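So the structure is just underneath, and the comments pick up after that.
The values are calculated or read from the model by the stated rules, or taken from the named source; none is laboratory data. All of these numbers come straight from a predicted model, not from anything done at the bench. Positions of Cβ are backbone-derived with ideal geometry, glycine not excepted, and every protein chain shown enters the neighbour counts.
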Amino acid sequence: MPFTGATAGYQAAAQANDTAISYALEPTYGVQATGNYQHTRFTGENFKPTDTTQRPDEINAAIEASQAVLTQTAVAGTLSGALSFGTYDDMFAAVLGADWNGDAVQNSALVKTWTIIEKMNSKWVVRPGSYCTRAQLTFAQGSFASVAFDFSCKEEDLLDTDPATTYTDAPTGLVFDTVDNFVGMTVNGQAPDGCVRQVQITLDRDGAGSDYGMGHADACGIRPGQLLASGSMQVFFKTWDLYELWAARAQGPVAITVKDSNGNSYVLTFLNATLRNPVINAGSKNTSIVATFDIEANPQAGGGTFRIVRAAVDPKSLTFKQSDVTVGGQNITP
C-alpha cells in the first residue's frame, strides 16, 4: 500500500519558525493593551526576565549561605530584524519620542510604551510596559540592512489564551539590500569621494531605565531619558576631505538614503553632526586604505537632533513587464 501523510513527533523542541511577535500601544503604562495588535517581522529576539536576589550574612553554625530573597525582576531584550519599508516605523517613532507628522518624524518629548506579545509553543508571553531604549541600524557591504531595538519591560506573564482581539498583518515590503538599495551618504551636503563601506546609526535613550519599589518585583515606572544619537562610517580613503572636516570641527547634516526596488525610500539624517576620532592607517601591504569616523550628533539651532523622512510609492503606479514574473519557469503577466 502507498505511504501517505506526515510523520508525527519529529520535533525535538518547539520551532522558532512557529513564533509570532506583535505589539500594541498602551494608553496607560504597564496596563496590558487590548484590542488590535500589529504583527511584526523579525530575525531573532532575546527577551528574558532577570531575577536579582540578596542573601543576609547571617552567622550560623551550619557553615552555609542563608536563604536568598528576591528583590526585583527586570525584563528586557532585543528585537532584531531586516530593514524593510514601513515595518518598524512605529518603533522609530517610539525611540525618537515622537509621532509621524505626515512622512517625517523628528525627535521630541513624547513617551510611548507598548505591550509586546509573543506566541510560542501554544502559549502567549506577554510583556506590558515595554519601552524602546535603543534603536540601531546597520548598513554594511556584504549584508542586508539590519535593525535592532532594545526594550525594557515592566514584567513578563505567561497566558493560555490570546490577549489580542484582532491582528494587523505585518508589512510585506522588500528588505533593503546594500547594493541596489543604498542610494548614498552625504556629509554637509557632499558625498564622500570614496565608496561607503559601512554606516551605523544608534538612537539611544540616554539615562533611560526602570524604577523598582517594595511590595512587588516588577517595575513601578520608567525614566524615559533623552535622545542621544551617534553613529560611525567607513569610507574608502581617496581624499583628505573628511579628515579636513574633522580638523575644522565642522558641524552639519549627515544623511543616509536608501530606496527599495519598488521605489520606497528613507532618508535618515543627523541634523547637526560632527565627525570624531578619524582612523586612517596603512595597515598592511596589498590593502586598500579605509577611513573610519565616529559621528557625534548635536541639536541643531532651535532643537532637533535626528529626523527620518519616508517616501512611499503607490503600488498601483508600479508596472511590470511580462518577463518580470515567472511561475514554473513560464513568464506570466500580473
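Tabulated data
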quantity: Failed item in (1) in contact with a Pro (Cβ under 8 Å, 6 or more places away or on another chain); (2) modelled with pLDDT under 95; (3) not charged (D, E, K, R), with G194 passing the rest; calculated: (1)
quantity: Within the range 173-196, considering residues that are touching a strand residue (DSSP E or B) at 6+ places or on another chain (Cβ under 8 Å), outside any loop (DSSP other than H, G, I, E, B) and not small (G, A, S), the one surrounded by the fewest Cβ atoms within 10 Å (Cβ to Cβ); calculated: V183
quantity: Residue check for K285: without any contact (Cβ under 8 Å) to a residue 12 or more places away in the chain and basic (K, R); calculated: yes
quantity: Residues (free of Cβ contacts under 8 Å to residues at least 40 places away in the same chain, more than 15 Å from Q32 (Cβ to Cβ) and hydrophobic (A, V, I, L, M, F, W, C)) located in the range 101-155; calculated: A109, L110
quantity: Of all residues in the range 197-214 being in contact (Cβ under 8 Å) with a residue 24 or more places away in the chain and surrounded by fewer than 17 Cβ atoms within 10 Å (Cβ to Cβ), the one that is farthest from A311 (Cα to Cα); calculated: Y212
quantity: In the range 1-55, the residues that are of a type in the set (G, A, S) and touching a residue at least 60 places away in the same chain (Cβ under 8 Å); calculated: A14, A20, S22, A24, G30, A33, G35
quantity: Wholly within the range 1-113, strands (runs of 3 or more DSSP E) carrying at least 2 residues that are more than 18 Å from the chain's Cα centre (by Cα) and surrounded by fewer than 15 Cβ atoms within 10 Å (Cβ to Cβ); calculated: 48-54, 69-82
quantity: Qualifying position, being modelled with pLDDT of 95 or more, more than 19 Å from A170 (Cβ to Cβ) and of a type in the set (G, A, S), among G81, G97; calculated: G97
quantity: Complete set of residues in the range 21-77 that are within 30 Å of D169 (Cβ to Cβ) and either touching a helix residue (DSSP H, G or I) at 6+ places or on another chain (Cβ under 6 Å) or of a type in the set (G, A, S) (or both); calculated: S22, A24, G30, A33, G35, G44, A76, G77
quantity: Neighbours by Cβ (under 9 Å, 6+ apart or cross-chain): first from the range 219-241, within 21 Å of L271 (Cβ to Cβ); second surrounded by 19 or more Cβ atoms within 10 Å (Cβ to Cβ) and of a type in the set (D, E, K, R); calculated: P224/R205; G225/R205; Q226/R205; L227/R205; L228/R205
quantity: Number of positions in the range 293-307 that are surrounded by fewer than 21 Cβ atoms within 10 Å (Cβ to Cβ) and under 17 Å from S265 (Cα atoms); calculated: 1
quantity: Residue within the range 196-206 that is farther than 18 Å from I21 by Cα and touching a helix residue (DSSP H, G or I) at 6+ places or on another chain (Cβ under 6 Å) present; calculated: yes
quantity: Filter result for the condition that a residue is surrounded by 14 or more Cβ atoms within 10 Å (Cβ to Cβ) and either part of a strand (DSSP E or B) or polar (S, T, N, Q) (or both), over S284, S261, S232; calculated: S232
quantity: Number of the condition not met by V199 [criteria: (1) hydrophobic (A, V, I, L, M, F, W, C); (2) under 28 Å from P49 (Cβ atoms); (3) part of a strand (DSSP E or B)]; calculated: (2)
quantity: Qualifying residue in the range 237-250 (condition: within 19 Å of the chain's Cα centre (by Cα) and either modelled with pLDDT of 95 or more or in a strand (DSSP E or B) (or both)); calculated: no
quantity: So P128, is it surrounded by 16 or more Cβ atoms within 10 Å (Cβ to Cβ) and either at positive phi or not in a strand (DSSP E or B) (or both); calculated: no
quantity: Filter pass, D193 being under 30 Å from Q32 (Cβ atoms), over 21 Å from the mean Cα position of the chain (by Cα) and not basic (K, R); calculated: no
